[in-house]
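Chemist: Provided herewith is a single structure, encoded as structure tokens, for subsequent inquiry.
The values are calculated or read from the model by the stated rules, or taken from the named source; none is laboratory data. Remember, it's a predicted structure, so these values are computed and weren't measured experimentally. When we count neighbours, we look across all protein chains shown, and the Cβ atoms used for this are built from the backbone with ideal geometry, even at glycine. Note: accessible area is taken over every heavy atom of the protein model, side chains too, but ligands, DNA and RNA are not part of it. Shrake-Rupley method; radii C 1.70, N 1.55, O 1.52, S 1.80 Å.
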Amino acid sequence: MIKAKRTVDYPYHIMQVELTNQCVMKCIMCPRSKYMTRTVGFMDMTLFRSIMDQYAADNPNCGDSIMWLHHLGESLLHPEFDQAMAYASGLGLNPSLSINPILLTADKAQRLFSAHPHTILIMLDGCDNESFAELRGYSGRDGYDKSLENSLRALEICARLSPSTDVQLNIIDIPSKKEMVDRAVEMLSQQGIKIERKPFGVWSGKNDDINNMTKDSDPALFCPNANPCIRPLTDFAILWDGRVVGCCHDYNGFVILGDAKQQKLIDIWNGNEMQEFRWDVTSGVGANRLCCKCPCVPHYPKEIVNEKWFIHLLEVNINLHEEIISLRKEISEKTSLRYFAGQVKAFFCKGMLRKIK
């Protein structure tokens, strides 16, 4: 039966754990700034340790993938961010962070790198104080200068305390801000500072102001009309209050799959809510509140989605899942964002060429 096919017999991967959804920025490219309406809070450390313990016990290959300790907030605002990082690192879970350097003081950098994170992405957007304020919604006058100073100091601290950590300076490659991005990269290059371009994404496609930033960009980057999204077959994210969501783009808890405060993660992984989400997304319909406008979901008409169709799609996506597991292991060993973006794009393009009969 279809329902039996909605379950999988391999362990889950945790893509993101949200330490907090608090943030000091109002970034124009982030839905948190205008559209997140859920309660702001901080994850309790008892809950965090329980999640980490379960993950380490349930997935023997958890060390092959990166786990991000952020979702829709700035994790450096959590009073125990370093303890969370150290605990996950001690379990071999490759905890990583994407952070705003405006908050990366010398003290926080010391705490962060003493916890030995796997990867740290330092997001340095803009090319001067004015453009930084425009992109990041920062009200101070010296946001870019302070962020650059904090970033360079963090690189020095990392080299001393945690040389195995991969630290990257990143700038979001917003298509509508191409000239500014090019200028920033060139300016830093002339100073001998390497900065990676992080591919821009439209989240779930629900917000027109963010979608409009993709003007004149390469549509293949967002995989429109691709084979159905395989996210429900591979991983999930956990919000600060313990609720489990099926995608890193679910900024408002549109589709709740379970509650880590009340359920075991392994039960959520094949629970009824996940099975229904798995059916909706991997069938290519994407009718749920999160995926209804996502460019990564083909949005096939419900009328053509039947049992035979679903089972075939699932078989195709299971094969893709095996490939992405191998890809994740390779990425964990070579975490250049440019390499990552290229490999993921090639991976999805390969999937797009598999015709669904």
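Chemist: State whether the residues of the stretch 150-167 include one that is on the phi > 0 side of the Ramachandran plot and out of contact with any Asp or Glu (no Cβ under 8 Å at 6 or more places or on another chain).
Modeler: For the stretch 150-167, residues on the phi > 0 side of the Ramachandran plot and out of contact with any Asp or Glu (no Cβ under 8 Å at 6 or more places or on another chain): absent.
Chemist: Among residues belonging to the stretch 98-109 that are open to solvent by 20 Å² or more (accessible area, probe 1.4 Å) and either of a type in the set (Gly, Ala, Ser) or touching an Asp or Glu at 6+ places or on another chain (Cβ under 9 Å) (or both), point out the one that is nearest to Tyr144 (Cα to Cα).
Modeler: Leu103
Chemist: Given the residues Ser151, Ser164, which is the only one that is in contact (Cβ under 8 Å) with a residue 12 or more places away in the chain, polar (S, T, N, Q) and not in a helix (DSSP H, G or I)?
Modeler: After ruling out the rest, the residue left standing is Ser164.
Chemist: Would you please name the residue that is modelled with the lowest pLDDT, looking only at residues in the stretch 235-247 that are touching a strand residue (DSSP E or B) at 6+ places or on another chain (Cβ under 6 Å), farther than 17 Å from Cys23 by Cα and not in a strand (DSSP E or B)?
Modeler: Applying the filter and picking the extreme gives Gly246.
Chemist: Here's a follow-up. Looking at the stretch 110-127, which of its residues are in a loop (DSSP other than H, G, I, E, B) and surrounded by fewer than 19 Cβ atoms within 10 Å (Cβ to Cβ)?
Modeler: His116
Each row is one residue, and each column tells you yes or no for (1) under 24 Å from Lys264 (Cβ atoms); (2) of a type in the set (Asp, Glu); (3) modelled with pLDDT under 95.
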| position | (1), (2), (3) |
| --- | --- |
| Ile2 | no, no, yes |
| Thr7 | yes, no, yes |
| His13 | yes, no, yes |
| Glu18 | yes, yes, no |
| Val24 | no, no, yes |
| Ile28 | no, no, yes |
| Thr37 | no, no, no |
| Val40 | no, no, no |
| Thr46 | yes, no, no |
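Chemist: Would you confirm whether any residue within the stretch 234-245 is polar (S, T, N, Q), out of contact with any Gly (no Cβ under 7 Å at 6 or more places or on another chain) and open to solvent by 10 Å² or more (accessible area, probe 1.4 Å)?
Modeler: No, the stretch 234-245 contains no residue that is polar (S, T, N, Q), out of contact with any Gly (no Cβ under 7 Å at 6 or more places or on another chain) and open to solvent by 10 Å² or more (accessible area, probe 1.4 Å).
Chemist: Name the single residue that is surrounded by the most Cβ atoms within 10 Å (Cβ to Cβ) among those in the stretch 85-97 being among the aliphatic types (A, V, I, L, M) and within 18 Å of the chain's Cα centre (by Cα).
Modeler: By that ranking, first place goes to Ala88.
Chemist: Being within 25 Å of Ala115 (Cβ to Cβ) and of a type in the set (A, V, I, L, M) is the filter; apply it to the stretch 162-186 and report the residue that is surrounded by the fewest Cβ atoms within 10 Å (Cβ to Cβ).
Modeler: Filtering first and then ranking leaves Val167.
Chemist: Looking only at the stretch 129-148, decide whether some residue is surrounded by 15 or more Cβ atoms within 10 Å (Cβ to Cβ), touching a residue at least 40 places away in the same chain (Cβ under 8 Å), under 18 Å from Met85 (Cα atoms) and out of contact with any Phe, Trp or Tyr (no Cβ under 9 Å at 6 or more places or on another chain).
Modeler: no
Chemist: Test Ala88 against the criterion of being of a type in the set (A, V, I, L, M) and free of Cβ contacts under 8 Å to residues at least 24 places away in the same chain, and give yes or no.
Modeler: no
Chemist: Of the residues that make up the stretch 194-215, is at least one farther than 19 Å from Cys248 by Cβ, at pLDDT 90 or above and over 22 Å from the mean Cα position of the chain (by Cα)?
Modeler: Yes, there is a match, as at least one residue in the stretch 194-215 is farther than 19 Å from Cys248 by Cβ, at pLDDT 90 or above and over 22 Å from the mean Cα position of the chain (by Cα).
Chemist: Just name the residue that is farthest from Ala88 (Cα to Cα) out of those in the stretch 35-58 that are open to solvent by 70 Å² or more (accessible area, probe 1.4 Å) and within 19 Å of the chain's Cα centre (by Cα).
Modeler: Tyr35
Chemist: For the stretch 59-84, give me the residue count where each residue is closer than 21 Å to Gln263 by Cα and open to solvent by 40 Å² or more (accessible area, probe 1.4 Å).
Modeler: 1
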